[in-house]
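This report concerns only the one structure given below.
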Amino acid sequence: MKVMVEIDNRCASGQLPGESLCQSWLKATLNYLQLEGDFSVSLQFLPRSEAQALNRQYRGKSSATNVLSFPAQLPTAVLENLEIQPLGDIAVCPELVESEAVAQNKSLESHWAHILIHGMLHLLGHDHVQESAATAMETIEIGVLKKFGIANPYLIG
């Protein structure tokens, strides 16, 4: 399995994870779910103002958010002809990720891993609106993070 990651950095943060680290977290998520094939994901690192604008536009919320996911919506006929399946875009606000890590007393790297895994699960159709779906999503996140030696993020902070 290959996971191609394209990063578009639109912010000034100097504490961003590298492409290979992001790729390893995203690939581990796909492996955990036993998905096969080659995939691509676009990561966008956005300033707070852009994260807030997207959250308002797509979720009707006036505050910025740490991560938003936009699944690719290509027709099946197109997907069947592609060697690499585009999963979509994950938009992250590094400023919020950094402040959350500090506030929750987590390492920045472990919080980045959690946020990107969370975003990837949203690309794959998981959500946390209903309690049962949230529990299932959290179980996957905890399992993937464990592969990197990262503790359950829901017990820290």
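The values are calculated or read from the model by the stated rules, or taken from the named source; none is laboratory data. What you see is a predicted model; the values in this text were computed from it and never measured. Here the Cβ is made from the backbone with ideal geometry for all residues, glycine too, and neighbour counts use every protein chain on show. Accessible surface areas use protein heavy atoms only, side chains included; no ligands, DNA or RNA. Shrake-Rupley method; radii C 1.70, N 1.55, O 1.52, S 1.80 Å.
Some points to look at:
- Under the combined filter of DSSP loop state and at most 14 neighbouring Cβ atoms within 10 Å, the stretch 1-99 retains these GluC sites (Glu not before Pro): E36, E80, E83.
- The chain - share of DSSP beta bridges that are antiparallel (%, nearest 5): 25 percent
- Placing H118, H111, H126 in order of accessible area, with the largest value first and a 1.4 Å probe, yields H126, H118, H111.
- Based on the convex hull around the alpha carbon atoms, the chain presents an average projected area of 9.4 nm².
- Within the accessible area of the stretch 70-157 (1.4 Å probe), percent carbon and sulfur: 53 percent
- A simple charge model with +1 on the Cβ of Lys and Arg, -1 on the Cβ of Asp and Glu and nothing else charged puts the dipole of the stretch 76-157 at about 300 debye relative to its Cα centre.
- Placing +1 on the Cβ of every Lys and Arg and -1 on the Cβ of every Asp and Glu, with no other charges, gives the stretch 1-116 a dipole of roughly 440 debye about its Cα centre.
- Residue-wise HN-Hα coupling along the stretch 78-93, computed from phi with Karplus coefficients 6.51, -1.76, 1.60 (Hz; x: Gly, Pro): 6, 4, 5, 9, 9, 6, 10, 8, x, 8, x, 10, 10, 9, 10, 9
- Projecting the Cα atoms of N105, A134, I7 onto the dipole axis of the chain, where Lys and Arg carry +1 and Asp and Glu carry -1 at the beta carbon, places N105 farthest toward the positive end.
- Residues of the chain: accessible area per residue with a 1.4 Å probe, Å²: 55 Å²
- Loop-exposed trypsin sites (Lys or Arg not before Pro) per DSSP, neighbour cap 15 Cβ within 10 angstrom, longest uninterrupted part of the chain: 62-146
- Computed with a 1.4 Å probe on the full set of protein chains, the accessible area for F39 sits at about 10 Å².
- Applying a DSSP loop filter and a limit of 11 other Cβ atoms within 10 Å to the chymotrypsin sites (Phe, Trp or Tyr not before Pro) in the stretch 54-157 leaves Y154.
- For the residue pairs K61/K146; K27/K61; K2/K146; K2/K106, the C-alpha atoms sit more than 25 angstrom apart in K61/K146; K27/K61; K2/K106.
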